[in-house]
4 protein chains.
Amino acid sequence: MAFRMASSRQFLSDNAARVHPRVWQAMRDADGPDLPYDGDALSKRLDVVFSDLFGRPCAVIWASTGTAANCLALATMVEPHGGVVCHRESHIESDECGAPGFYLHGAKLLLADGSGAKLDVGGIEAVLAGITRGIHQVQAHAVSITQASEYGLAYAPDELVAIGALARAHGLGLHMDGARFANAAAWLGCSAAEAAGPVDALSFGCTKNGAMDAEALLFFDEGKADLARWRRKRAGHLHSKGRFVAAQILALVEHGLWLELAGQANAAAAEIAGGAGGRLLFAPQSNELFVRLTPAERATLRGQGFAFYDWDDGTARFVCSWDTRQEDALALARAIAAI
Amino acid sequence: MAFRMASSRQFLSDNAARVHPRVWQAMRDADGPDLPYDGDALSKRLDVVFSDLFGRPCAVIWASTGTAANCLALATMVEPHGGVVCHRESHIESDECGAPGFYLHGAKLLLADGSGAKLDVGGIEAVLAGITRGIHQVQAHAVSITQASEYGLAYAPDELVAIGALARAHGLGLHMDGARFANAAAWLGCSAAEAAGPVDALSFGCTKNGAMDAEALLFFDEGKADLARWRRKRAGHLHSKGRFVAAQILALVEHGLWLELAGQANAAAAEIAGGAGGRLLFAPQSNELFVRLTPAERATLRGQGFAFYDWDDGTARFVCSWDTRQEDALALARAIAAI
Amino acid sequence: MAFRMASSRQFLSDNAARVHPRVWQAMRDADGPDLPYDGDALSKRLDVVFSDLFGRPCAVIWASTGTAANCLALATMVEPHGGVVCHRESHIESDECGAPGFYLHGAKLLLADGSGAKLDVGGIEAVLAGITRGIHQVQAHAVSITQASEYGLAYAPDELVAIGALARAHGLGLHMDGARFANAAAWLGCSAAEAAGPVDALSFGCTKNGAMDAEALLFFDEGKADLARWRRKRAGHLHSKGRFVAAQILALVEHGLWLELAGQANAAAAEIAGGAGGRLLFAPQSNELFVRLTPAERATLRGQGFAFYDWDDGTARFVCSWDTRQEDALALARAIAAI
Amino acid sequence: MAFRMASSRQFLSDNAARVHPRVWQAMRDADGPDLPYDGDALSKRLDVVFSDLFGRPCAVIWASTGTAANCLALATMVEPHGGVVCHRESHIESDECGAPGFYLHGAKLLLADGSGAKLDVGGIEAVLAGITRGIHQVQAHAVSITQASEYGLAYAPDELVAIGALARAHGLGLHMDGARFANAAAWLGCSAAEAAGPVDALSFGCTKNGAMDAEALLFFDEGKADLARWRRKRAGHLHSKGRFVAAQILALVEHGLWLELAGQANAAAAEIAGGAGGRLLFAPQSNELFVRLTPAERATLRGQGFAFYDWDDGTARFVCSWDTRQEDALALARAIAAI
């Protein structure tokens, strides 16, 4: 790749963003000696902080990647002979190189359809209705949804309630991939609990939102958390200096920084959306947006220094981060409008 | 645990040590935007740096834990129906909660004996000789050794050559768990290449030697490295901001800091050994030592503020780190001598 | 299920058929003492018999179920992090309860479309073209096709050659699920080699064709066969009295009985097809056919004692066996025509 | 192998024995059409027959090999991150080519010692006592014992009660590999229930005792049986013509044939033991015995046409079957005595 990241006009990925200064500071502060693994004081504080934030008791473990968090969560809900209903365009299906198959020991992803990479009751029911062959066919054990979705769309609280009711009615676990949970919550303007809905486990993303390598994995069931702890160790994800992972999460969550940073990223995306107008695939509900642009138009934008990915569906994807400058978003908005 | 880490007299674990200032600096310097995963400039520099250090071409990927590095290495050498000859007291057998079974899809650890948790030709041959039942029994596909061993002992270059020859003769892969490779190399005073010997893959540990969460996994065979890349991603170990992992490794390796820090830790251990004398289980060859102490004697030392673990074999384990102060090591040496 | 199998009018499944008298005799003849597992004389004869039949050297192992044969074959071609391109309606996808995920350690089925549950070059290429995300996405390692397909359609030799060329061009293994290979070969009227085409491994089905519990798994590459032997044992499929499995296969294959029985089943299906006329989903190319019938029409047929399954696509499935009496097939043909 | 099985003097394995005439008859009788898989009338009768035999409700599934039965049983008790305490010389450890690692998705066998390949409370407790490292070490989830043991020794009812109490106290599942359960029960002269003791699952062997390829897997907990059904299908062990497997089991169990045949085999072994006298490793408690013989002595016996295996411990193993002729056992006894 001849790509150069020197430009500030990068809209490729929120993974390309910087680490927030307060996260850096928290990590430095964690650098006294403490007990290894998750025996340190910071790791132990996570339960309380998240139970407060979500208004119900939860057990929290950290992981250093979203893929690990998602798969550890699902491993507590899905037997190796079972399946996970998820969207055909979900991250666990398309972007984790089969990690769910690995962590779940061969369990299957059962692909559902739904607009904007969001599942809905109808889409899930269609998958379940197709399971007709008894012992000969993989049965669903869980549902996994993504908040915000791969197309940057947020599930509204009532949508989550409906999906939760469906999952319960069928005895299925419910997991939320919240790699961009903060962006969804900021856009929804509701409480964290409402933005999560009745999920059993939530991968609460931090890395895309100002952390370096930290995701919080929340369980609203201590038994599942305990199971996940064994699986985390066994997957080589129990960092020996876990205090530094915990520190990142606490820096974002304890005083509301997570929502603030997500709001900044969302605002930048909204700025761009203003310029994209009818070219938008969806009105943005988080920090990413997909714009219909011809190859020539993309070349023009790239010629102006804007960096972004071409998406499978033929659109161009633009992702904003906490550190996207509003002026750069504005410049992009104008550039698109001017095409 | 009522343990308090406030004391500077901690000899519990090199995982409890601090991150070295030059590692911090390198991480901060890595905090401009760059391509995610391992597409960044730092990750790409690893091959050259390590090929230089080892004097032969190697392909290097990073991982954030030693368990992941070990298991990814072995996964390139061992079929799911095969086995790994390793020491009965090795880390992969005793301290990774079955991670090899997970990463290798059920492959088996075939336990060998050997003094000081070191394998030798005789011990390996004894395991191989016990595989007599053809298709009914798990066959060895690889050998894994630990440099320095769980008892802090180093393999001398000629020992490695002998084990390498045996492995080759039997068509077995050879892996080295080098969580404390730096300490072994520093003690041996030989080149990195000699301290590694004819291994196919080396987990080159950094976390215990001044890094935060970084291990380099070296392959002297590009095919194996490529395989490991897929497995790493699938195990959720491809950090999205991998530049920060690479930065840690480069900070330690590019200008020799790794050997310097390991030498400091070894020196502290040597200091303590001076006081322990005949109580030592083994003369130290790295940064850890095991001392015969009665429960009462341990209580005395703990009463003086020294923190350490009781080992399974009935000794007390003391581990020094790059940031162990020589004066604390001396104080411990005197305290042991005075008992 | 209140179903009664007393009726001779069963068209439910070729698995419900009887064991052929010559298979029984061969099993009885195998009942002297011989070496256990596959050390017996019969098991050792398989290579020669099939190499003769296919006109090229092949290494053959037996298995007692088609699911085991398919999955053992694929396990020799697909790494745990890889995928298998197969039809959306294939047996490995829909009817093996995730067995491929188990045997392949989490590898993924990559679903392709194609008329009549047959893959074609375009369908396979479409799947491959959708793999665009490099390390983040599961890559194809093999293609699996079914001869005859789940809709009873046969791949013609030139179709197999085209698929084989595509697989080779992409470095993919090629497996054939031949649960009804005999029926396809009988219909095609070509040699066994032509009906198999350039596959790397073939699950040569016997159980649906007069055997009790026996499938031959053919490899045209000794290395893969050796790998499969380890995996078979490890999957608990190395029967201790394997001579009885081998005997069944030899009884069918050594003197052409396999083709004869398949021909009988095909003839019965053709008889029924004559009566079904325009109601047929496809003109039959083996021993099963799918007929468009309303619920009322099905009830009528069932009222006349005919037993058959309703298929997912809304048709009724009728399967003939070697022991389907031509008079029963004729009666069914007339009954359908008379509706 | 130049071995010829023509001789009636084979004491190699009970797997080399013939199928009993009543088993053959039952299989032939099963050869009308019936529903496939385990939907047939015979498969459905198993629960009642075994519940009667064991005097408590049990749910029974069949499998065609002992390895499959053992591993399916354990898969209902052991999480992938857990372990199974078993004897160092047990079949699951030494003779199943890692099948437990496969079926249990990487779970570990935790090896215990005990005389005559039997576990006892002390041996199990020693293994449990060695699990000291919390999250870093594989925890025991189950215990597996073998009735009769690999050395042909039977667990007395009170020994089973003691092991059961220990398992319960530690929250561990208890599995019995009963490949030679019939021989143990016949020797003990107690009820089937007493010979099984308080196990959660029992692999009730039939193949070594007159069947062709049939093992009954008994669960005294319907939840576990249900789990095993999914795993069986997924392992490719749900034979499509399962009625023939069920028929074999019923032929042996419904009218006491299983005990009768085991008694014959035991009697033959006892005959040989009479001749072996002080050369015996253990007084036989089932149908196999181990005799101290020098290489020259073995050669002498082999020269007289006796076939047997050399065992790892330096003894010669002799196994009797239901069809071992008493005169051949006597001849062997005399030959050994005459050496």
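Looking for something within 22 Å of C:Arg231 (Cα to Cα), in contact with a Ser or Thr (Cβ under 8 Å, 6 or more places away or on another chain) and either modelled with pLDDT of 95 or more or within 7 Å of chain B (Cβ to nearest Cβ) (or both) - is there at least one such residue anywhere in segment D:99-107?
Within segment D:99-107, one or more residues are within 22 Å of C:Arg231 (Cα to Cα), in contact with a Ser or Thr (Cβ under 8 Å, 6 or more places away or on another chain) and either modelled with pLDDT of 95 or more or within 7 Å of chain B (Cβ to nearest Cβ) (or both).
Just for segment C:220-240: of the residues that are surrounded by fewer than 24 Cβ atoms within 10 Å (Cβ to Cβ) and not in a helix (DSSP H, G or I), which one is farthest from the chain's Cα centre (by Cα)?
It comes out as C:Ser240.
Would you check which residues across segment D:26-47 are away from chain C (no Cβ under 11 Å) and among the charged types (D, E, K, R) and list them?
D:Asp29, D:Asp38, D:Arg45, D:Asp47
Pick from B:Glu93, B:Glu89: which is within 14 Å of chain D (Cβ to nearest Cβ), under 16 Å from the mean Cα position of the chain (by Cα), free of Cβ contacts under 8 Å to residues at least 24 places away in the same chain and more than 24 Å from C:His136 (Cβ to Cβ)?
Among B:Glu93, B:Glu89, only B:Glu93 is within 14 Å of chain D (Cβ to nearest Cβ), under 16 Å from the mean Cα position of the chain (by Cα), free of Cβ contacts under 8 Å to residues at least 24 places away in the same chain and more than 24 Å from C:His136 (Cβ to Cβ).
When the residues of segment A:15-36 are filtered to those that are open to solvent by less than 10 Å² (accessible area, probe 1.4 Å) and modelled with pLDDT under 90, which remaining residue is farthest from B:Gly32 (Cα to Cα)?
Among residues in segment A:15-36 that are open to solvent by less than 10 Å² (accessible area, probe 1.4 Å) and modelled with pLDDT under 90, the one farthest from B:Gly32 (Cα to Cα) is A:Asn15.
Of the numbered conditions (1) free of Cβ contacts under 8 Å to residues at least 60 places away in the same chain; (2) touching a Phe, Trp or Tyr at 6+ places or on another chain (Cβ under 7 Å); (3) under 23 Å from D:Asp328 (Cβ atoms), D:Arg234 satisfies every one except a single condition; which is it?
Unmet for D:Arg234, out of (1) free of Cβ contacts under 8 Å to residues at least 60 places away in the same chain; (2) touching a Phe, Trp or Tyr at 6+ places or on another chain (Cβ under 7 Å); (3) under 23 Å from D:Asp328 (Cβ atoms): (3).
Working carefully through the options B:Ile131, B:Ile145, B:Ile163, find the one that is within 14 Å of chain D (Cβ to nearest Cβ) and either in contact with a His (Cβ under 9 Å, 6 or more places away or on another chain) or not small (Gly, Ala, Ser) (or both).
Numbers: B:Ile145 fails: within 14 Å of chain D (Cβ to nearest Cβ); B:Ile163 fails: within 14 Å of chain D (Cβ to nearest Cβ).
Only one candidate passes the filter, namely B:Ile131.
Report, ordered by the first and then the second residue, all pairs with beta carbons closer than 8 Å, sequence separation of six or more or different chains, a first member in segment B:136-148 that is free of Cβ contacts under 8 Å to residues at least 12 places away in the same chain, and a second member that is small (Gly, Ala, Ser).
Pairs that qualify, where the first residue is free of Cβ contacts under 8 Å to residues at least 12 places away in the same chain and the partner is small (Gly, Ala, Ser), are B:His136/D:Ser94; B:Gln137/D:Ser94.
Would you say B:Ala251 is within 14 Å of another protein chain (Cβ to nearest Cβ), surrounded by 21 or more Cβ atoms within 10 Å (Cβ to Cβ) and part of a helix (DSSP H, G or I)?
no
Suppose we filter segment D:195-245 for residues that are within 14 Å of another protein chain (Cβ to nearest Cβ), among the acidic types (Asp, Glu) and more than 17 Å from C:Ser64 (Cβ to Cβ); how many remain?
Of the residues in segment D:195-245, 1 are within 14 Å of another protein chain (Cβ to nearest Cβ), among the acidic types (Asp, Glu) and more than 17 Å from C:Ser64 (Cβ to Cβ).
Going by what's in this entry, would A:Glu215 be described as over 18 Å from A:Ala107 (Cβ atoms) and open to solvent by less than 40 Å² (accessible area, probe 1.4 Å)? Write out each step before concluding.
Details: over 18 Å from A:Ala107 (Cβ atoms): yes; open to solvent by less than 40 Å² (accessible area, probe 1.4 Å): yes.
Yes: the conditions hold for A:Glu215.
In this structure, is B:Leu172 closer than 18 Å to B:Glu96 by Cβ, in contact with a strand residue (DSSP E or B) (Cβ under 9 Å, 6 or more places away or on another chain) and either free of Cβ contacts under 8 Å to residues at least 40 places away in the same chain or in the same structural domain as B:Val48 (by TED's automatic domain parsing) (or both)? Let's see the steps before the verdict.
Values: closer than 18 Å to B:Glu96 by Cβ: no; in contact with a strand residue (DSSP E or B) (Cβ under 9 Å, 6 or more places away or on another chain): yes; either free of Cβ contacts under 8 Å to residues at least 40 places away in the same chain or in the same structural domain as B:Val48 (by TED's automatic domain parsing) (or both): yes.
No, not satisfied.
For C:Ala182, indicate whether it is in a loop (DSSP other than H, G, I, E, B) and assigned by TED's automatic domain parsing to the domain that holds C:Ser149. Talk me through it step by step, then tell me what you get.
Values: in a loop (DSSP other than H, G, I, E, B): no; assigned by TED's automatic domain parsing to the domain that holds C:Ser149: yes.
Spelling it out, it is not the case that C:Ala182 is in a loop (DSSP other than H, G, I, E, B) and assigned by TED's automatic domain parsing to the domain that holds C:Ser149.
Which ones in segment A:112-167 are under 24 Å from C:Asp310 (Cβ atoms) and either of a type in the set (Ser, Thr, Tyr) or assigned by TED's automatic domain parsing to the domain that holds A:Asp310 (or both)?
Residue satisfying the conditions is A:Thr132 alone.
State which residue pairs qualify: first residue assigned by TED's automatic domain parsing to the domain that holds B:Ala59 and inside segment B:29-49, second residue of a type in the set (S, T, N, Q) and assigned to a loop (DSSP other than H, G, I, E, B) in any location, beta carbons under 8 Å apart, and separation of 6 or more residues or different chains.
Once the first residue is assigned by TED's automatic domain parsing to the domain that holds B:Ala59 and sits in segment B:29-49, its partners that are of a type in the set (S, T, N, Q) and assigned to a loop (DSSP other than H, G, I, E, B) give B:Pro33/A:Ser8; B:Pro36/A:Ser13; B:Pro36/B:Ser240; B:Tyr37/B:Ser240.
Give the residues of segment C:170-190 that are more than 17 Å from the chain's Cα centre (by Cα) and surrounded by fewer than 22 Cβ atoms within 10 Å (Cβ to Cβ), sorted by residue number.
Listed by number, the residues that qualify are C:His170, C:Gly171, C:Gly189, C:Cys190.
If you go through segment C:110-125 one residue at a time, do you hit one that is touching a residue at least 24 places away in the same chain (Cβ under 8 Å) and within 12 Å of chain A (Cβ to nearest Cβ)?
Within segment C:110-125, one or more residues are touching a residue at least 24 places away in the same chain (Cβ under 8 Å) and within 12 Å of chain A (Cβ to nearest Cβ).
Given segment B:37-134, what helices (runs of 4 or more DSSP H) lie entirely inside it while holding 3 or more residues that are surrounded by 20 or more Cβ atoms within 10 Å (Cβ to Cβ)?
Hits in segment B:37-134: B:41-54, B:66-75, B:91-94, B:99-103.
Take the residues in segment C:135-169 that are small (Gly, Ala, Ser) and part of a helix (DSSP H, G or I), then tell me which one is surrounded by the fewest Cβ atoms within 10 Å (Cβ to Cβ).
Ranking the qualifying residues of segment C:135-169, first place goes to C:Ala169.
Only one of (1) free of Cβ contacts under 8 Å to residues at least 60 places away in the same chain; (2) at positive phi fails for A:Gly277. Which number is that?
Unmet for A:Gly277, out of (1) free of Cβ contacts under 8 Å to residues at least 60 places away in the same chain; (2) at positive phi: (1).
Is it true that D:Ala225 is within 17 Å of D:Ser203 (Cα to Cα) and small (Gly, Ala, Ser)?
Numbers: within 17 Å of D:Ser203 (Cα to Cα): yes; small (Gly, Ala, Ser): yes.
Yes, satisfied.
Please enumerate the residues belonging to segment C:62-77 that are among the β-branched types (Val, Ile, Thr) and more than 8 Å from chain D (Cβ to nearest Cβ).
Within segment C:62-77, C:Thr76 is the sole residue that qualifies.
The values are calculated or read from the model by the stated rules, or taken from the named source; none is laboratory data. Treat the numbers as computed from the prediction; the structure is a model and nothing was measured. Glycine also receives a Cβ, built like all others from the backbone with ideal geometry; neighbour counts cover every protein chain displayed. When the accessible area is computed, the model is the full protein with side chains, heavy atoms only, and any ligands, DNA or RNA have been set aside. Shrake-Rupley method; radii C 1.70, N 1.55, O 1.52, S 1.80 Å.
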